[in-house]
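Below you'll find the structure, written out as structure tokens, and then a few comments.
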Amino acid sequence: MTILLLAERLRVEERLLIEALGADGHDARLLTPAEIGGIAFGAPAVPAPDGALVLARLQPTREASALLWALETAGWRIVPGAAQMDAFARRDRLYRDLIRAGVPVAETILGWGTEAVLAAVDQVGWPVELLPLDGSEPGIVVEDREGAEAVVEHRAVLGREHVLLVRRAAAKPDERRLLVAGDRIFAARPRGEADWELAPAIESDGEIARQVAGALGAPLIDLTYLPDASGAVTAVMPVLGFRAIQSEDADVAAAIASFATGRGARDA
């Protein structure tokens, strides 16, 4: 099977995936969005080159969602598909879908306008995390009201951004990360301030992974949650960065490759 990794550039993770796919006998290579060119809506279907399966490796943005929808309309087979990209591209929709499915989510307030956002900041307490609606943009953690005012006003003036999501920032040592590829789950715990390391599975991992994957219809996910009594989810993304966890004991690339090609064959 020919596999096209749809990504803006070749990173460590894409190299690992190409190696894993090659080991399974597939012909895999990078395809950038710029290489695709224009896609005419409503025109006759044009299958992907060589009838390939496309493994989407794009950041969850509105542009990525639009591209995947156009490619699917043209008859391309894509894993994960446009509907799943939609779920990740808008944080408000993501949290709505999780809450509707009964998945515990860290309490989050939507504020429209500077006054509403700062009122929400005062309500949740410190440290606070300010989250843009765009699912590809990371949250900003601030420690005091002066910092919050600076962030909110800066984004309002320069980005003409009226809405932010506000919640109490979770302490990283309290979080747990799960990389999910179909029925494979890789758990990680924090290592230092900005990294993760492989961790033994605990009872709550499988349940929260199944809940989130089922709520979003997205079987390739990267999530963090608080494994305390609440089990609240703090973030959900597509599985994009996994180099810190990839190892002989945790072959994330092989699990993604196996799931994607199996799903592609079933959907063909």
Seminar exercise, completed: Here segment 172-186 yields Karplus 3J(HN,Hα) values (6.51, -1.76, 1.60; θ = phi - 60°; whole Hz; Gly and Pro given as x) of 4, x, 8, 8, 9, 10, 10, 9, 10, 10, x, 8, 9, 10, 10
Seminar exercise, completed: The answer for Val105, listing residues at least 5 apart or on another chain whose modeled amide H is closer than 5 Å to its amide H, is Val233
Problem set entry | Folded to 0 to 90 degrees: helix 145-159 orientation relative to the chain principal axis, Cα | 50
For this session: List every residue whose amide H lies under 5 Å from the amide H of Arg77, counting only residues 5 or more places away in sequence or on a different chain, with H placed 1.01 Å from N in the peptide plane.
Result: Ala48, Val54
Problem set entry | Whole-Hz couplings from phi, Karplus 6.51/-1.76/1.60, listed for segment 130-138; x for Gly and Pro | 9, 10, x, 5, 5, x, 8, 8, x
Problem set entry | Residue among Ala148, Ala87, Ala45 with the largest mean-square fluctuation in a Gaussian network model of the chain, springs linking Cα atoms under 10 Å | Ala45
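Does segment 109-168 come out rounded, prolate or oblate, given a ≥ b ≥ c as the square roots of the eigenvalues of its C-alpha gyration tensor, rounded meaning a/c under 1.5 and, failing that, prolate meaning a/b above b/c? Kindly include the intermediate steps, with their values, before the conclusion.
On the way: a/c = 1.42, a/b = 1.25, b/c = 1.14.
Because its axes are fairly even, with a/c under 1.5, segment 109-168 counts as rounded.
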Exercise. Let a ≥ b ≥ c be the square roots of the eigenvalues of the Cα gyration tensor of segment 2-89; is it rounded (a/c under 1.5), or, if not, prolate (a/b larger than b/c) or oblate?
Worked result: oblate
Exercise. Using Cα atoms only, what is the angle between the long axis of helix 12-23 and the major principal axis of the chain, expressed in degrees (0 to 90) to the nearest 10?
Worked result: 30
Exercise. Pick from Val54, Val163, Val79: which is most flexible by mean-square fluctuation in a GNM of the chain where alpha carbon atoms under 10 Å apart are linked?
Worked result: Val163
Exercise. For volume of the Cα convex hull per residue in Å³, which listed value, [x] 202; [y] 140; [z] 156, comes from the coordinates shown?
Worked result: [y]
Seminar exercise, completed: Once amide hydrogens are built 1.01 Å from N within the peptide plane, the residues lying 5 or more places from Leu31 or on another chain with amide H under 5 Å from its amide H are Leu5, Leu6, Ala7
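Taken together, the values in this text are just the output of simple stated rules run on the coordinates, not laboratory data. Keep in mind that what you see is a predicted model, and the values were worked out from it rather than measured.
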